[in-house]
Every structure is written in C-alpha cells, then in structure tokens.
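These notes are about the structure you will find just below.
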Amino acid sequence: MTRRLAAWLSCALLLALAGCGFGLRQPVTFAFTSLYSGVAPNSPLGVELKRQLRSSGQLEYITDASRQQEAQAVLDILTEQRIKTVVGVSATGQVREFQLRLILKFRLRTPQGKELIPETELVQQRALSYDEVFALAKEAEEVLLYRNMQSDMVQQILRRLAAVKEL
C-alpha cells in the first residue's frame, strides 16, 4: 500500500513540475558567431568571461587585437572598479562593517562602430562585517565576495549579449 502511495505521489510531483513550465536551462544563443574583447586575458573578469563564453560552444571568443576586424561584435570593457568603503564603526572608532562595490561599464558594438548595446553600467554591492580578531578570515571572505559579484556580472553581461537580436 505504501509503495503505491509513494508511486502516485511521485507521479503527481512530476506532473506538477511539468505543468509549471519548469525546464533545464538551455545554452545561450547569440546573434553573432564571433566576439572580440580587449579585456586583459589574465584579469579575473577576463578569465571568467572567456570561460562562460567558450562554454556556450557556439561562439568564437577572440582576444588577439590583430584579429579584431574578423569578429562580428566587439565587447568593450570601459571601466572596472572595486571599491571598499567603511560603513560602520564602533564607539571606540574600530571598523565594524565595510561595503564592497564592484562597478563595471561596458558596451557592445560592431567592428564598423554600430552600437548594439550602449554604454551600460553594472553595479554589485555586498556588506562585509569586520572584526580584527578574524582579520585573515575576513580577507578571504572579501575575496570570495568579489569573486561572487564578478560571476554575477558576467552572467548579466551574457544575458544582455543574448538579448541582441540583430547586428
């Protein structure tokens, strides 16, 4: 009896998931087949962007400036800033909280200069509590928070690149 009930419940769960529109994430499709970016290939953002674009499997990612004219689209990273600001102090003047901000400005254009995505600014921010006793651990946490913000930004860039419908 319990096996039948479990079987019926699992079938009901599968039907509910199928009916709600749930589906696995599909690979991103782009309106272009090659993309040039002048971001430094050894920068953390450049490495993450390269990894994500190559994983789509359908896009040639060009970083060599001499091949820029071969690309159908050019991604310009205009600025990338990491800002750490004190937002909370104790009564004795010791820092208790920081605000970490990552600001990125980019645009997408054709090699001929036609603007596909105008200059766009993405901002990510996180709060980081601080205690001098755990200074080393807080440094590691800061690095992880910046890496997380960077991954979020790369995902936002990919979604915006995928939203471009025609060149």
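The values are calculated or read from the model by the stated rules, or taken from the named source; none is laboratory data. Everything numeric here is computed off the predicted structure, so don't read it as measured data. Heads up, the Cβs are rebuilt from the backbone with ideal geometry, glycines too, and the neighbour counts pull from every protein chain shown.
Details
- Residues in the stretch 27-43 that are farther than 16 Å from Ala163 by Cβ and surrounded by fewer than 17 Cβ atoms within 10 Å (Cβ to Cβ): Thr33, Ser34, Gly38, Ala40, Pro41, Asn42, Ser43.
- Boolean, Val154 is over 14 Å from the mean Cα position of the chain (by Cα) and either at pLDDT 90 or above or buried (at least 16 other Cβ atoms within 10 Å of the Cβ) (or both): no
- Any chance Arg51 is modelled with pLDDT under 90, more than 27 Å from Glu139 (Cα to Cα), outside any strand (DSSP E or B) and not polar (S, T, N, Q): no
- Residue within the stretch 151-161 that is more than 25 Å from Val28 (Cβ to Cβ), in contact (Cβ under 8 Å) with a residue 24 or more places away in the chain and touching a strand residue (DSSP E or B) at 6+ places or on another chain (Cβ under 8 Å) present: no
- Top-ranked residue in the stretch 39-48 [being part of a helix (DSSP H, G or I) and among the aliphatic types (A, V, I, L, M); ranked as farthest from the chain's Cα centre (by Cα)]: Val47
- Taking the listed residues Gln68, Gln26, the one that is part of a loop (DSSP other than H, G, I, E, B) and either at pLDDT below 85 or over 25 Å from Leu145 (Cα atoms) (or both) is Gln26, with no other qualifying.
- Consider the stretch 129-151 and keep the residues that are of a type in the set (A, V, I, L, M, F, W, C) and surrounded by 15 or more Cβ atoms within 10 Å (Cβ to Cβ). The one that is farthest from Gly93 (Cα to Cα) is Met149.
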